[in-house]
Amino acid sequence: MAPAKLATGGKDVYSVILPTFNERQNLPIITWLLNRTFTEQKLDWELVIVDDGSPDGTQEVAKQLVKAYSPHVQLRPRTGKLGLGTAYIHGLRFAKGNYIIIMDADFSHHPKFIPQMIAKQKTGNYDIVTGTRYAGDGGVYGWDLKRKLTSKGANIFADTVLRPGVSDLTGSFRLYKRAVLEKLFDSTDARGFTMQMALAVTAKAKGMSIAEVPISFVDRVYGDSKLGGEEIVEYAKGVLQLWWTT
C-alpha cells in the first residue's frame, strides 16, 4: 500500500484521516481545532478528508478549507457511501505522515487529547495508542442510558470472548505508526463498524504494543449518528468471527 509521496527529512509528520458523511457543519470547527492543536505543539501535520459523496455540501466546505489551511489539508473524495474501513484505507494512500491518527469529525473525539496520545507513544515507542472511554478518568457524555449500556455491553462481550487486553475495543480515536497500520490493513478483512475491534485484536495477536489514554467522549453536536441495529448485529458477528480465527 504505497503512498503517493511520504514526508522526508527525519521529522515526524502526523496525518489525520477524517472520514466524513454529511459533516458540513462540523468540519470547519474540527479543522480549526486540529490546526490550533498542532500549531501550539509545534508539530508537523496534515488532514486528509475522505468524503463519501455527502449530499449536504460537505465537499464544498472541504474545498474551502483546503485553500484556507494550505498546505495542511487535502480532500480525497469518493463517489458514494462505501464504508468506514475503506475510507481509512483510501485516505492512507494519500497521507504523507509516518504517524496516522484516525478520529471522527463530529467532536466526539476532541483534538485536545492528541498531544497526550503523542506523548504516550513516545514514552514506550508504542505501535498504537488508543483513546479509551472506559479506563482512568475517561468517560462518555451526552448519551442516554440505553446507548451507554449498549456500548459498555459491547466492550464487555468482546473482552470476555477475545481477551484483547484493551479497555475500549470499539473506540475509533487512535494513533498508529504508519507501517503498523499498513500491516494491519493487509492482515484483516473487517471494514465496517467491527474494524476498530479487529485491528486491536489482530495487533495483539501479532505482538504489537498498545497503550491507552483516557478521553472524554462527547455525543455529536450536529448531524445524526451512523450507528443502527444492523451495525450492532454486524459487531456481534465480528466478535465471534475473530474468536474463531484468532
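The values are calculated or read from the model by the stated rules, or taken from the named source; none is laboratory data. In this text the structure is predicted, and so the values were computed from the model without any measurement. Here the Cβ is made from the backbone with ideal geometry for all residues, glycine too, and neighbour counts use every protein chain on show. Accessible surface is based on the protein model in full, side chains and every heavy atom, while ligands, DNA and RNA are left aside. Shrake-Rupley method; radii C 1.70, N 1.55, O 1.52, S 1.80 Å.
Assorted remarks:
- Filter result for Lys42 (of a type in the set (Lys, Arg), part of a loop (DSSP other than H, G, I, E, B) and open to solvent by 30 Å² or more (accessible area, probe 1.4 Å)): yes
- As a summary of the residue check, Arg191 satisfies the conditions (1) over 20 Å from Lys120 (Cβ atoms); (2) open to solvent by 40 Å² or more (accessible area, probe 1.4 Å); (3) at pLDDT 55 or above; (4) out of contact with any Ser or Thr (no Cβ under 7 Å at 6 or more places or on another chain) except for the one numbered (4).
- In segment 67-109, of all residues being hydroxyl-bearing (Ser, Thr, Tyr) and in a helix (DSSP H, G or I), the one that is farthest from Asp12 (Cα to Cα) corresponds to Thr86.
- Criterion: of a type in the set (Val, Ile, Thr), part of a helix (DSSP H, G or I) and within 13 Å of Ile114 (Cβ to Cβ) - qualifying residue of Thr37, Thr31: Thr37
- Meets criteria (farther than 28 Å from Met197 by Cα, open to solvent by 50 Å² or more (accessible area, probe 1.4 Å) and part of a helix (DSSP H, G or I)) for Gln64: yes
- Residues in segment 81-123 that are over 17 Å from Asp168 (Cα atoms), among the small types (Gly, Ala, Ser) and open to solvent by less than 40 Å² (accessible area, probe 1.4 Å): Gly83, Gly85, Ala87, Gly91, Ala95, Gly97, Ala105.
- Residue within segment 158-175 that is at pLDDT 75 or above and more than 21 Å from Ile17 (Cα to Cα) present: yes
- Entry remark, segment 87-126: residues being farther than 13 Å from Val16 by Cα, modelled with pLDDT under 95 and in contact with a strand residue (DSSP E or B) (Cβ under 8 Å, 6 or more places away or on another chain) number 2 in total.
- Residue check for Asp186: among the acidic types (Asp, Glu), exposed (fewer than 14 other Cβ atoms within 10 Å of the Cβ) and at pLDDT 90 or above: yes
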